[in-house]
1. Which numbered condition trips up Phe70, out of (1) among the aromatic types (Phe, Trp, Tyr); (2) more than 14 Å from Met149 (Cβ to Cβ); (3) surrounded by 13 or more Cβ atoms within 10 Å (Cβ to Cβ)?
2. How about the stretch 33-56: which of its residues are among the β-branched types (Val, Ile, Thr) and crowded, with 18+ Cβ neighbours inside 10 Å?
3. Going through the stretch 150-165 one residue at a time, which ones are over 19 Å from Val123 (Cβ atoms) and touching a strand residue (DSSP E or B) at 6+ places or on another chain (Cβ under 8 Å)?
4. Identify, by number, the condition in (1) among the acidic types (Asp, Glu); (2) at pLDDT below 95; (3) open to solvent by 50 Å² or more (accessible area, probe 1.4 Å) that Asp85 doesn't meet.
5. For the structure I just gave you, tell me whether Asp100 is buried (at least 16 other Cβ atoms within 10 Å of the Cβ) and in contact (Cβ under 8 Å) with a residue 24 or more places away in the chain.
6. Six or more apart or on different chains, Cβ atoms under 8 Å: show the pairs whose first residue is in the stretch 58-78 and on the phi > 0 side of the Ramachandran plot and whose second is modelled with pLDDT of 90 or more and not acidic (Asp, Glu).
7. Give the number of residues within the stretch 134-174 that are farther than 16 Å from Ser67 by Cα, open to solvent by less than 10 Å² (accessible area, probe 1.4 Å) and touching a Pro at 6+ places or on another chain (Cβ under 9 Å).
Amino acid sequence: MARVILLNKPFGMLSQFTDKGTEGSARPTLSDVVKVPGVYPAGRLDRDSEGLLVLTDDGRLQARIASPKFKQPKTYFVQVEGTPDAAQLQALRDGVTLKDGKTLPATCEQIDQPDLWEREPPVRYRKTVADSWISLTIREGKNRQVRRMTAHVGLPCLRLVRWSVGDWSVEGLDPGAWREG
């Protein structure tokens, strides 16, 4: 039976077990928190993103989770600069055209600030610029897609938290903590 691990990847951590970028680098990696041999991430989260990262020892399951071909829903809570209007939310729902093509339609709505852990370092606060939260569910995974989508409609991303992948959620996990899926 496949082993599945649900990790709450902290901000600043690489979504890999080693840091091949810089010899002697002090950048945190998955090996700092997951001491389980033979599991690998099913997809990626950028270093400046946080939240659910699914790891498994089953290559077929890994492909089903990560491959856009299977259209696995991934839900993100996104703190954006500004307050979205109906047209911006509808554009995200319809799909936006990025340099690498049009995104698939997404599920999107403005939400109240979710009950999340504190981020280290905290998001920069500016008194003169409003910020708000949206929930965005996509079924593909272009490079930095959510950030590029929100920026495209005039809502720069301040914080990006992957909340769920399919039926798996990060709910109840502190940053750096994991549980069996």
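1. (3)
2. So in the stretch 33-56, the residues among the β-branched types (Val, Ile, Thr) come out as 33-34, 36, 39, 54, 56.
Within the stretch 33-56, Val34, Val39, Val54, Thr56 meet the criteria.
3. Narrowing the stretch 150-165 to residues over 19 Å from Val123 (Cβ atoms): 152-153, 164-165.
If the condition is that a residue be over 19 Å from Val123 (Cβ atoms) and touching a strand residue (DSSP E or B) at 6+ places or on another chain (Cβ under 8 Å), then His152, Ser164, Val165 are the ones that fit.
4. So the condition that Asp85 fails would be (2).
5. On the way: buried (at least 16 other Cβ atoms within 10 Å of the Cβ): no; in contact (Cβ under 8 Å) with a residue 24 or more places away in the chain: yes.
Spelling it out, it is not the case that Asp100 is buried (at least 16 other Cβ atoms within 10 Å of the Cβ) and in contact (Cβ under 8 Å) with a residue 24 or more places away in the chain.
6. Taking only residues 6 or more apart or on different chains, the pairs are Lys71/Leu104; Lys71/Arg139.
7. 4
Residue-by-condition table, conditions (1) assigned to a loop (DSSP other than H, G, I, E, B); (2) touching a residue at least 12 places away in the same chain (Cβ under 8 Å); (3) among the polar types (S, T, N, Q):
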| residue | (1), (2), (3) |
| --- | --- |
| Ile134 | no, yes, no |
| Glu140 | yes, yes, no |
| Arg148 | no, yes, no |
| Gly154 | yes, yes, no |
| Trp163 | no, yes, no |
| Glu171 | yes, no, no |
| Gly176 | yes, yes, no |
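The values are calculated or read from the model by the stated rules, or taken from the named source; none is laboratory data. Computed from a prediction, not measured in an experiment: that's the story for all the values here. Cβ coordinates were reconstructed from backbone atoms using ideal geometry, including for glycine residues, and neighbour counts include every protein chain displayed. Ligands, DNA and RNA are stripped out before the accessible areas are found, and what is left, the full protein with its side chains, is counted by its heavy atoms. Shrake-Rupley method; radii C 1.70, N 1.55, O 1.52, S 1.80 Å.
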